[in-house]
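Take a look at the structure below.
The values are calculated or read from the model by the stated rules, or taken from the named source; none is laboratory data. Model, not experiment: these values are computed from the prediction. Cβ: placed from backbone, ideal geometry, glycine included. Neighbour counts: every protein chain shown. The protein model used for the area step is the full one, side chains on, heavy atoms only, and it has no ligands, DNA or RNA in it. Shrake-Rupley method; radii C 1.70, N 1.55, O 1.52, S 1.80 Å.
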Amino acid sequence: MFIEQPPLLYRLLFPEAIWRIKRRGKKMVYLTFDDGPIPEETPWVLDLLDSYGIKATFFMVGDNVRRHPHLLEEVKRRGHSYGNHTMHHLQGIKESTPRYLRDITEAASLIDSSLFRPPHGIIYPSQARLIKHHYNIVMYDLVTRDYSKHLTGEEVLENVKRYARNGSIIVFHDSLKAHTNMRYALPKAIEWLRDQGYEFATLPM
C-alpha cells in the first residue's frame with residue numbers, strides 16, 4: 001500500500017504538494033499520465049480518452065518533448081492539461097539541489113506549465129519548498145503501478161478498484177514499460193470508475 005496510496009505520514013512531509021483534491025458533491029477523479037510523450041504510447045492514450053470523452057493531465061519528460069514536440073501540441077489540441085516532469089526524469093534525492101532545479105528549468109523551456117510532478121514522487125522536503133515558489137507540485141493519491149513487471153494487468157486494475165476514492169489523483173504511464181498493463185487496465189478502469197459514478201477532470205494549469 002505504501003506505493004499505491006502514500007500514507008498520511010509521507011504526505012505530511014510535503015505540505016506544499018497536492019496529493020488529492022477533496023470535493024463535496026459529485027464524485028470526481030483526475031487521471032494523470034507520467035513519463036511521455038512518446039509515439040508508441042501517447043497517441044493510443046489520446047485516442048482512448050477521446051473515445052470516452054475524457055480529459056486528463058500529462059506530466060511530460062522534457063527530453064521526450066524535445067524529440068517529439070508534435071505530441072505536446074497534440075495533447076494541447078485535444079484539450080488536456082500537462083506539466084513538467086523534469087528534463088531527464090531525475091530523482092531529486094539522487095541529485096544535488098542545484099542540478100535538480102536546473103533540470104526542471106531546462107524542461108520548462110519546452111513545457112510551459114505551472115504544474116510539476118517529481119519523478120517517482122521522490123524529492124527532499126527542502127527541494128519541494130524551493131520548487132513551490134515556481135510550480136504547483138502535484139503528487140498523487142493512487143499509483144496504479146502499471147509499469148511493474150511484477151504485476152499483471154488484472155492486478156493493476158484491482159489497484160484502481162481498491163484505492164480510488166473521491167478526489168483521487170490517479171497515475172498511469174504513457175511509457176514503454178507500462179505498455180501491456182496500461183493498455184489492459186486503463187479502459188477497464190475508466191469503465192469501472194464510470195460505473196461507480198465518478199466523473200473525470202483535468203488538473204488546472
Which listed residue is in contact with a strand residue (DSSP E or B) (Cβ under 6 Å, 6 or more places away or on another chain), open to solvent by 40 Å² or more (accessible area, probe 1.4 Å) and hydroxyl-bearing (Ser, Thr, Tyr), from 135, 147: 147
Looking only at the stretch 99-115, decide whether some residue is surrounded by 17 or more Cβ atoms within 10 Å (Cβ to Cβ) and at pLDDT below 95. no
Within the stretch 177-184, is there a residue that is outside any loop (DSSP other than H, G, I, E, B) and open to solvent by less than 60 Å² (accessible area, probe 1.4 Å)? yes
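Has the stretch 92-112 got any residue that is of a type in the set (S, T, N, Q), outside any helix (DSSP H, G or I) and under 19 Å from the mean Cα position of the chain (by Cα)?
no
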What single numbered condition from (1) closer than 26 Å to residue 23 by Cβ; (2) in contact (Cβ under 8 Å) with a residue 12 or more places away in the chain; (3) not hydroxyl-bearing (Ser, Thr, Tyr) fails to hold for residue 191? (2)
Kindly indicate whether any position in the stretch 150-161 is open to solvent by 50 Å² or more (accessible area, probe 1.4 Å), in a loop (DSSP other than H, G, I, E, B) and polar (S, T, N, Q). yes
Lone unmet requirement of (1) open to solvent by less than 70 Å² (accessible area, probe 1.4 Å); (2) out of contact with any Phe, Trp or Tyr (no Cβ under 9 Å at 6 or more places or on another chain); (3) modelled with pLDDT under 95 for residue 204: (1)
Matching option when the condition is outside any helix (DSSP H, G or I) and touching a Lys or Arg at 6+ places or on another chain (Cβ under 9 Å), among 165, 145: 165
Which residues, taken from the stretch 54-73, are over 17 Å from residue 175 (Cα atoms) and touching a residue at least 12 places away in the same chain (Cβ under 8 Å)? 54, 55
Count of the stretch 188-201 residues which are part of a helix (DSSP H, G or I) and surrounded by 15 or more Cβ atoms within 10 Å (Cβ to Cβ): 5
